[in-house]
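Data first, discussion second: the structure below is written as structure tokens.
Where a number appears in this text, it was derived from the coordinates with a stated rule and is not lab data. As the structure is a computational prediction, the values presented were derived from the model and not from experiment. Note that we place each Cβ from the backbone using ideal geometry, even for glycine, and neighbour counts take in every protein chain shown.
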Amino acid sequence: MADWSQLPQELIEQIALKLDTLEDFVVFATICRPWNNALTSLKEHERFPKLMPWLLLSFNPNRNIHYNLDLFDPCKDKCYRFNLPEAYNRRCWGTSLGWILTLGLDLEIHLLNPITKASIRLPPQPLLTPVLTDPDDSDLWKIQLYYIKRVFVFKSPIDGQLIVFVVHYDDNVLSFVKPGDSSWIPIELQVPSSEYLRGDNSSNWNQIIQLHNVMDITYWNGAFVIVSKFGGFTFLDLNQIAQQQQPCLVQDYPLIPLEISNIENNNEARIYLVECNSDLLMVLRFKAEFVDSQEDDDDYSDLIPVDYETINFKVYRHSPGFDMDRGWEELHDLGDLAIFVGSHSTMCVTASSVANCRGNNIYFTDDDYHVCTRRDMGVFDMKTGTIEPYYLNVDDNEFRQCHPVWFLPRI
Amino acid sequence: MASSSSSSLSRVVVKSSDNNLFVVNKKVASQSQLLKQCIDNMEEKGTNDVILIPLSNVTSNILTLVLEYCEKHADFADDDNNNQELKQWDHEFLKKFDYATLNSLTMAADYMVTKSLLNLCCQFIADSIKDLTVQQIRQIFDIKNDFTPQEEADIKNENAWAFR
């Protein structure tokens, strides 16, 4: 007689890894001891099924008096409510490792796993000049404006240590920290000094400048890749990041020959980077600005000269071994791939391996915060070039405090 | 060189745990890495005899099923992954079985290192589990709850969100 609890653990693990939602994965662990052991072992080795990111929905300060945060799993088409005072009234940014980064008016920064409630305190940001004097809750939205634009969390394959990167909103500089460090370290660029270039050999050959205009960062082909606003690429060595406290020696690569030069004239464009099956993908997001013709009685109306919405995306691929100068190829079809862009870490998913995920589509959330009157959130279909709104169950007013972000759940 | 083909086998004989013999052609047998390894080893030794491979863990009714799968997949060996007809066949193939058979088939696929069949079985089982409650899964797979009530409550409590 077949005994499903007596399957070899390796087979139980293989079955569990073929589930496609976190709920099914958790239910699996409660069937019997051997299945529970298999799941414990998978978790210990950080092996998880292929999951679709969840949408972290905003707190509604009027409704969430019990500190509840709603997390939406598109695969199950289900909202889970978590009691999370740890995240209440704090801005949240999603990552691909189960963590969300939270920042509150106290300027404390934490990594929080909203499902397990694990939490790691990170040092405050030394680069940031507090802009809020005597802040109250209505100032919360300004935190995004003045502080953080993009978050990327990476786990070092060398020592398993987390490295947290943050792109600051103000001048788009990049800094990183490892949990346990006492402070954030800015990423700086080592370049030949102007004296040296003029032929003055007595001067230091190099000077350190801060890397500006950073749009996104990802890990690809053994190095961190940073893209700047005008399409410049910079590569960072993991070992240097992992071991050194000093400004990192980085290699700078030339501009990429693309329509990116047009981006220079378009402040409402964004660039995202994501690694996919050993290729590096670059996503360009184009937004249209327009003047809001309606009278706005809003408190922040003086800060809202225009409105905007996302109108188009383009995707480019760079494969290992290509010449960085020429090696970008525009993709008109993403095949089975779905990409998630916004102020969270850029992520991608094989759509056919999870339910309710559309391949050849780009899911986007709002990553602009100087205008908060609408929500720029939806799904872009690469085939038709059309945009559909996504997740309509939330009142637009709730977006004022904190826009929804995607994050990849982990337990 | 032509010499390497002088000792190639065209068929093997596979013996089930209940001592039934199956004559299998080489292309079909090669779908199983275990059988392929045996064939390769014999060919290296340069034997021309038909070899007998005993499978002590697989009964003849399960072996019949594995070989049925291997035969179908040997026909599609060149475009294994992208063939819609084959995918459809795979699905229909597994749908026929009760969970006890599926269990034995999964074990056999693992033992015979027939990776695509093992993958297929695991995916089929995972798909059957999706969206079910703990009670339903235990019932369908006939799994005894071996937790104490306290243990089960603790485990559920750890991820209470999934059980509301």
- Query: How much length is gained on full extension from residue B:154 to residue B:59, taking 0.36 nm per residue of separation minus their Cα-Cα distance?
  - Reply: 30.2 nm
- Query: If we restrict to alpha carbons, what Rg and Dmax does region B:11-130 come to, in Å?
  - Reply: 14.6, 50
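Rank these for me by crowding, A:405, B:58, going from fewest to most other beta carbons within 10 Å.
B:58, A:405
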- Dipole of region B:11-130, Cα-centred, from +1 at each Lys and Arg C-beta and -1 at each Asp and Glu C-beta, to the nearest 20 debye? 200 debye
- Item | Shielding by other protein chains, B:124-137, mean Cβ within 10 Å | 5
- Query: So for the pair residue B:50, residue B:132, with labels modelled 7 Å out along Cα→Cβ, what separation do we get in nm?
  - Reply: 4.2 nm
- Item | Inter-site label distance for residue A:156 and residue A:6 at 7 Å from Cα along Cβ, in nm | 4.7 nm
- Query: Where is the GNM fluctuation largest for chain B (alpha-carbon springs, 10 angstrom cutoff): B:118, B:63, B:132?
  - Reply: B:132
- A correct fewest-to-most ranking of A:169, B:99 by other Cβ atoms within 10 Å would be B:99, A:169
- Query: 222 nm [θ] for chain B, helices only, -39500 (n - 2.57) per DSSP H run of 4+, per residue, to 500?
  - Reply: -17000 deg cm²/dmol
- Could you pull out every residue, at least 5 positions away or on a different chain, whose amide H is within less than 5 Å of the one on residue A:150? Hs are placed 1.01 Å off N in the peptide plane, and Pro or chain starts have none. A:167
- Message: Quick check: pseudo-label points 7 Å beyond the Cα along Cα→Cβ at residue A:108 and residue A:120, how many nm apart are they?
- Response: 1.8 nm
- Item | Per-residue ³J(HN,Hα) for region A:91-102, Karplus 6.51 cos²θ - 1.76 cosθ + 1.60, θ = phi - 60°, Hz, x for Gly and Pro | 6, 10, 10, x, 9, 8, 10, x, 8, 10, 9, 10
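First measure r as the distance between the Cβ atoms of residue B:68 and residue A:47, then evaluate 1/(1 + (r/R0)^6) with R0 = 35 Å and state the FRET efficiency to the nearest 0.05.
Step by step, r from the Cβ atoms, then E = 0.65.
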- Task: Would you order A:75, A:357 from fewest to most other beta-carbon atoms within 10 Å of each residue's own beta-carbon?
- Result: A:75, A:357
- Please tell me which of these pairs span more than 30 angstrom C-alpha to C-alpha: A:117/B:130; A:117/B:87; A:149/A:178; A:50/B:96; A:155/B:95? A:117/B:87; A:155/B:95
